[in-house]
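Let me begin by presenting the structure, written as C-alpha coordinates, before commenting on it.
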Amino acid sequence: MKNELVQAFTHSFNDHSQTTDSGIEFWFARDLQHLLGYAEWRNFNQVITKAKISCEATQNTVPDHFVEVNKMVVLGSGSERKIQDMMLTRYACYLIAQNGNPKKDAIAFAQNYFALQTRKLELIEQRLENLERLQARQKLTHSEKELSELIFEHTRSDRNFGIIRSKGDTALFGGSSTQEMKNKLQVPKNRALVDFLPAITIKAKDFSTEITVFSTKAHRLITEHQITEEHIKNNQSVRSILLERGIKPEDLPPEEDIKKMERRLLAGDKKISKNPDKLKTSNE
(Lines give C-alpha, C1' and ligand atoms only; values in the text may rest on other atoms or scores of the structure.)
Protein backbone atom coordinates (compact mmCIF):
# COMPACT_ATOMS: atom_id res chain seq x y z
CA MET A 1 0.00 0.00 0.00
CA LYS A 2 1.50 3.36 -1.08
CA ASN A 3 2.42 5.97 1.51
CA GLU A 4 -0.03 8.49 0.04
CA LEU A 5 -2.91 6.05 0.47
CA VAL A 6 -1.83 5.15 4.00
CA GLN A 7 -1.69 8.82 4.97
CA ALA A 8 -5.12 9.44 3.43
CA PHE A 9 -6.63 6.50 5.32
CA THR A 10 -4.96 7.61 8.56
CA HIS A 11 -6.40 11.12 8.30
CA SER A 12 -9.87 9.75 7.45
CA PHE A 13 -9.96 7.33 10.39
CA ASN A 14 -8.54 9.93 12.80
CA ASP A 15 -11.01 12.58 11.62
CA HIS A 16 -14.00 10.34 12.25
CA SER A 17 -13.03 9.30 15.78
CA GLN A 18 -15.06 10.87 18.56
CA THR A 19 -14.89 10.93 22.34
CA THR A 20 -17.56 10.46 24.99
CA ASP A 21 -17.86 12.82 27.96
CA SER A 22 -15.99 10.22 30.02
CA GLY A 23 -13.07 10.17 27.57
CA ILE A 24 -13.80 6.91 25.71
CA GLU A 25 -12.84 7.05 22.02
CA PHE A 26 -15.44 5.70 19.58
CA TRP A 27 -16.51 5.64 15.94
CA PHE A 28 -20.06 5.69 14.54
CA ALA A 29 -20.85 2.54 12.57
CA ARG A 30 -22.32 4.56 9.68
CA ASP A 31 -19.05 6.44 9.37
CA LEU A 32 -17.02 3.24 9.59
CA GLN A 33 -19.22 1.65 6.94
CA HIS A 34 -18.12 4.25 4.40
CA LEU A 35 -14.51 4.29 5.60
CA LEU A 36 -14.33 0.54 4.95
CA GLY A 37 -15.94 0.84 1.52
CA TYR A 38 -19.34 -0.74 2.19
CA ALA A 39 -22.09 0.81 0.05
CA GLU A 40 -25.01 -1.00 1.72
CA TRP A 41 -25.78 -0.87 5.46
CA ARG A 42 -27.30 -4.36 5.43
CA ASN A 43 -24.04 -5.84 4.11
CA PHE A 44 -22.01 -3.96 6.69
CA ASN A 45 -24.43 -5.01 9.43
CA GLN A 46 -23.60 -8.65 8.64
CA VAL A 47 -19.94 -7.91 9.36
CA ILE A 48 -20.93 -6.22 12.64
CA THR A 49 -22.86 -9.37 13.62
CA LYS A 50 -19.75 -11.50 13.03
CA ALA A 51 -17.70 -9.02 15.07
CA LYS A 52 -20.15 -9.31 17.98
CA ILE A 53 -19.74 -13.09 17.92
CA SER A 54 -15.94 -12.61 18.02
CA CYS A 55 -16.39 -10.22 20.94
CA GLU A 56 -18.34 -12.82 22.91
CA ALA A 57 -15.72 -15.47 22.07
CA THR A 58 -13.06 -13.32 23.77
CA GLN A 59 -15.31 -13.12 26.87
CA ASN A 60 -15.91 -9.39 26.42
CA THR A 61 -19.38 -7.92 26.96
CA VAL A 62 -20.91 -6.93 23.61
CA PRO A 63 -22.93 -3.89 24.90
CA ASP A 64 -19.69 -2.46 26.32
CA HIS A 65 -18.29 -2.16 22.80
CA PHE A 66 -21.32 -2.03 20.47
CA VAL A 67 -23.83 0.58 21.66
CA GLU A 68 -26.95 0.95 19.53
CA VAL A 69 -28.20 4.50 18.94
CA ASN A 70 -30.68 6.25 16.65
CA LYS A 71 -29.84 9.29 14.55
CA MET A 72 -31.93 11.72 12.58
CA VAL A 73 -30.73 12.34 8.99
CA VAL A 74 -31.93 14.96 6.54
CA LEU A 75 -33.38 13.58 3.31
CA GLY A 76 -33.16 15.23 -0.10
CA SER A 77 -36.66 16.61 0.32
CA GLY A 78 -35.61 18.41 3.48
CA SER A 79 -37.53 16.08 5.77
CA GLU A 80 -35.85 14.01 8.49
CA ARG A 81 -35.78 10.27 9.06
CA LYS A 82 -34.59 8.22 12.01
CA ILE A 83 -31.92 5.64 11.16
CA GLN A 84 -30.18 2.92 13.15
CA ASP A 85 -26.55 3.56 14.08
CA MET A 86 -24.05 2.25 16.57
CA MET A 87 -21.25 3.64 18.72
CA LEU A 88 -18.20 1.40 18.37
CA THR A 89 -15.19 1.27 20.66
CA ARG A 90 -11.70 0.89 19.25
CA TYR A 91 -11.87 -2.82 20.03
CA ALA A 92 -15.21 -3.19 18.25
CA CYS A 93 -13.75 -1.49 15.17
CA TYR A 94 -10.79 -3.85 15.31
CA LEU A 95 -13.12 -6.89 15.36
CA ILE A 96 -15.17 -5.51 12.47
CA ALA A 97 -12.01 -4.99 10.42
CA GLN A 98 -10.87 -8.52 11.27
CA ASN A 99 -14.15 -9.89 9.93
CA GLY A 100 -14.05 -7.84 6.73
CA ASN A 101 -12.51 -8.65 3.36
CA PRO A 102 -8.74 -8.04 3.69
CA LYS A 103 -8.44 -7.74 -0.10
CA LYS A 104 -9.98 -4.28 0.24
CA ASP A 105 -7.28 -1.68 0.86
CA ALA A 106 -9.43 0.15 3.42
CA ILE A 107 -10.03 -3.02 5.46
CA ALA A 108 -6.40 -4.13 5.26
CA PHE A 109 -5.44 -0.70 6.59
CA ALA A 110 -8.12 -0.77 9.30
CA GLN A 111 -6.98 -4.18 10.56
CA ASN A 112 -3.53 -2.75 11.25
CA TYR A 113 -4.74 0.69 12.36
CA PHE A 114 -7.05 -0.60 15.09
CA ALA A 115 -4.70 -3.42 16.08
CA LEU A 116 -1.93 -0.90 16.74
CA GLN A 117 -4.28 1.50 18.52
CA THR A 118 -5.51 -1.32 20.75
CA ARG A 119 -1.96 -2.47 21.43
CA LYS A 120 -0.94 1.08 22.38
CA LEU A 121 -3.78 1.20 24.90
CA GLU A 122 -2.74 -2.17 26.32
CA LEU A 123 0.84 -0.94 26.71
CA ILE A 124 -0.33 2.25 28.45
CA GLU A 125 -2.55 0.26 30.83
CA GLN A 126 0.29 -2.18 31.58
CA ARG A 127 2.69 0.68 32.27
CA LEU A 128 0.20 2.31 34.64
CA GLU A 129 -0.24 -1.01 36.49
CA ASN A 130 3.53 -1.40 36.75
CA LEU A 131 3.93 2.13 38.09
CA GLU A 132 1.16 1.54 40.64
CA ARG A 133 2.93 -1.58 41.90
CA LEU A 134 6.29 0.19 42.04
CA GLN A 135 4.83 3.14 43.95
CA ALA A 136 3.16 0.73 46.40
CA ARG A 137 6.54 -0.95 46.97
CA GLN A 138 8.26 2.40 47.58
CA LYS A 139 5.55 3.45 50.02
CA LEU A 140 5.89 0.16 51.93
CA THR A 141 9.66 0.71 52.16
CA HIS A 142 9.00 4.10 53.75
CA SER A 143 6.40 2.69 56.19
CA GLU A 144 8.65 -0.19 57.23
CA LYS A 145 11.57 2.18 57.74
CA GLU A 146 9.43 4.31 60.04
CA LEU A 147 8.27 1.24 61.99
CA SER A 148 11.83 -0.11 62.21
CA GLU A 149 13.06 3.17 63.68
CA LEU A 150 10.19 3.21 66.17
CA ILE A 151 10.89 -0.36 67.26
CA PHE A 152 14.61 0.35 67.76
CA GLU A 153 13.79 3.53 69.66
CA HIS A 154 11.46 1.61 71.98
CA THR A 155 13.26 -1.75 72.32
CA ARG A 156 16.90 -0.84 71.54
CA SER A 157 17.26 -3.95 69.37
CA ASP A 158 17.95 -4.12 65.60
CA ARG A 159 16.61 -7.65 65.22
CA ASN A 160 13.14 -7.01 66.67
CA PHE A 161 11.83 -5.42 63.48
CA GLY A 162 12.55 -8.54 61.42
CA ILE A 163 10.78 -10.74 63.96
CA ILE A 164 7.74 -8.46 64.18
CA ARG A 165 7.45 -8.12 60.39
CA SER A 166 7.68 -11.90 59.96
CA LYS A 167 4.87 -12.48 62.47
CA GLY A 168 2.79 -9.90 60.62
CA ASP A 169 3.35 -11.81 57.38
CA THR A 170 2.20 -15.05 59.00
CA ALA A 171 -1.03 -13.33 60.07
CA LEU A 172 -1.62 -11.78 56.64
CA PHE A 173 -0.95 -15.04 54.75
CA GLY A 174 -3.24 -17.17 56.91
CA GLY A 175 -0.53 -19.01 58.85
CA SER A 176 2.13 -19.24 56.13
CA SER A 177 5.44 -17.71 57.22
CA THR A 178 7.54 -15.38 55.09
CA GLN A 179 9.90 -18.23 54.18
CA GLU A 180 7.02 -20.56 53.35
CA MET A 181 5.57 -17.94 51.02
CA LYS A 182 8.98 -17.45 49.41
CA ASN A 183 9.19 -21.19 48.80
CA LYS A 184 5.66 -21.28 47.43
CA LEU A 185 6.26 -18.38 45.02
CA GLN A 186 9.80 -19.60 44.18
CA VAL A 187 11.42 -16.36 45.31
CA PRO A 188 15.26 -16.47 45.15
CA LYS A 189 16.95 -16.92 48.56
CA ASN A 190 18.65 -13.53 48.55
CA ARG A 191 15.54 -11.57 47.53
CA ALA A 192 12.68 -10.06 49.53
CA LEU A 193 9.27 -11.70 49.27
CA VAL A 194 7.57 -8.36 48.69
CA ASP A 195 9.47 -7.81 45.43
CA PHE A 196 7.43 -10.62 43.88
CA LEU A 197 4.02 -9.84 45.37
CA PRO A 198 1.12 -8.26 43.43
CA ALA A 199 0.21 -4.64 44.13
CA ILE A 200 -2.87 -5.55 46.21
CA THR A 201 -0.75 -7.58 48.66
CA ILE A 202 1.96 -4.93 48.86
CA LYS A 203 -0.72 -2.35 49.68
CA ALA A 204 -2.19 -4.68 52.31
CA LYS A 205 1.22 -4.99 53.99
CA ASP A 206 1.67 -1.23 53.83
CA PHE A 207 -1.75 -0.53 55.33
CA SER A 208 -1.09 -2.94 58.21
CA THR A 209 2.31 -1.34 58.82
CA GLU A 210 0.86 2.18 58.76
CA ILE A 211 -1.72 1.21 61.40
CA THR A 212 1.01 -0.34 63.56
CA VAL A 213 3.10 2.85 63.28
CA PHE A 214 0.09 4.96 64.27
CA SER A 215 -0.89 2.72 67.20
CA THR A 216 2.68 2.45 68.48
CA LYS A 217 2.84 6.24 68.69
CA ALA A 218 -0.73 6.87 69.86
CA HIS A 219 -0.80 4.16 72.54
CA ARG A 220 2.88 4.42 73.45
CA LEU A 221 3.66 0.76 72.89
CA ILE A 222 7.15 0.23 74.27
CA THR A 223 7.85 -3.50 74.34
CA GLU A 224 8.46 -6.01 71.57
CA HIS A 225 5.48 -8.05 72.77
CA GLN A 226 3.10 -5.08 72.62
CA ILE A 227 4.18 -4.03 69.13
CA THR A 228 4.13 -7.62 67.87
CA GLU A 229 0.60 -8.18 69.14
CA GLU A 230 -0.52 -4.93 67.54
CA HIS A 231 1.08 -5.80 64.19
CA ILE A 232 -0.43 -9.29 64.17
CA LYS A 233 -3.87 -7.88 64.96
CA ASN A 234 -3.59 -5.29 62.17
CA ASN A 235 -2.54 -7.88 59.59
CA GLN A 236 -5.39 -10.17 60.65
CA SER A 237 -7.85 -7.29 60.24
CA VAL A 238 -6.56 -6.43 56.77
CA ARG A 239 -6.68 -10.12 55.83
CA SER A 240 -10.34 -10.25 56.89
CA ILE A 241 -11.16 -7.34 54.58
CA LEU A 242 -9.46 -9.11 51.68
CA LEU A 243 -11.21 -12.41 52.41
CA GLU A 244 -14.60 -10.67 52.47
CA ARG A 245 -13.90 -9.70 48.85
CA GLY A 246 -12.77 -13.15 47.84
CA ILE A 247 -9.05 -12.37 47.91
CA LYS A 248 -6.72 -14.87 49.61
CA PRO A 249 -3.24 -13.26 49.69
CA GLU A 250 -1.45 -16.61 49.95
CA ASP A 251 -3.17 -17.89 46.78
CA LEU A 252 -2.34 -14.96 44.50
CA PRO A 253 0.27 -15.80 41.84
CA PRO A 254 3.69 -14.10 41.93
CA GLU A 255 4.38 -11.02 39.85
CA GLU A 256 7.46 -10.08 37.86
CA ASP A 257 10.57 -9.21 39.88
CA ILE A 258 9.89 -5.59 40.78
CA LYS A 259 13.55 -4.58 40.40
CA LYS A 260 13.62 -5.97 36.87
CA MET A 261 10.38 -4.14 36.11
CA GLU A 262 11.79 -0.89 37.51
CA ARG A 263 14.90 -1.16 35.32
CA ARG A 264 12.70 -1.66 32.26
CA LEU A 265 10.58 1.39 33.11
CA LEU A 266 13.69 3.54 33.61
CA ALA A 267 15.15 2.32 30.31
CA GLY A 268 11.90 3.28 28.57
CA ASP A 269 11.98 6.77 30.14
CA LYS A 270 15.59 7.27 29.00
CA LYS A 271 14.67 6.18 25.48
CA ILE A 272 11.84 8.72 25.36
CA SER A 273 14.04 11.56 26.67
CA LYS A 274 16.80 10.71 24.19
CA ASN A 275 14.77 11.49 21.05
CA PRO A 276 11.85 13.72 22.04
CA ASP A 277 9.57 15.22 19.39
CA LYS A 278 10.51 18.81 18.59
CA LEU A 279 8.34 21.75 17.65
CA LYS A 280 9.35 23.31 14.33
CA THR A 281 10.43 26.92 14.65
CA SER A 282 10.48 29.56 11.94
CA ASN A 283 14.29 29.84 11.90
CA GLU A 284 14.95 26.09 11.46
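Before moving on, here are some points about what is shown:
- Residue pairs meeting the criteria (Cβ under 9 Å; at least 6 apart or on separate chains; first under 19 Å from residue 205 (Cα atoms), in the range 140-161; second of a type in the set (Gly, Ala, Ser) and surrounded by fewer than 16 Cβ atoms within 10 Å (Cβ to Cβ)): 148/162; 151/157
- Counting only residues that are closer than 22 Å to residue 241 by Cα and part of a helix (DSSP H, G or I), the range 178-215 holds 22 of them.
- Residue check for residue 22: of a type in the set (Gly, Ala, Ser) and surrounded by fewer than 13 Cβ atoms within 10 Å (Cβ to Cβ): yes
- Selected residue (only one of 202, 211, 227 is over 32 Å from the mean Cα position of the chain (by Cα), surrounded by 15 or more Cβ atoms within 10 Å (Cβ to Cβ), among the β-branched types (Val, Ile, Thr) and in the same structural domain as residue 133 (by TED's automatic domain parsing)): 227
- Residue list for the range 23-59, filter: out of contact with any strand residue (DSSP E or B) (no Cβ under 7 Å at 6 or more places or on another chain), closer than 22 Å to residue 9 by Cβ and not in a helix (DSSP H, G or I): 36, 37, 38, 39, 40
- For the range 234-271, residues that are within 16 Å of residue 173 (Cβ to Cβ) and in contact (Cβ under 8 Å) with a residue 40 or more places away in the chain total 14.
The values are calculated or read from the model by the stated rules, or taken from the named source; none is laboratory data. As the structure is a prediction and not an experimental result, all values here were calculated from the model. We place every Cβ from the backbone using ideal geometry, glycine too, and count neighbours over all the protein chains shown.
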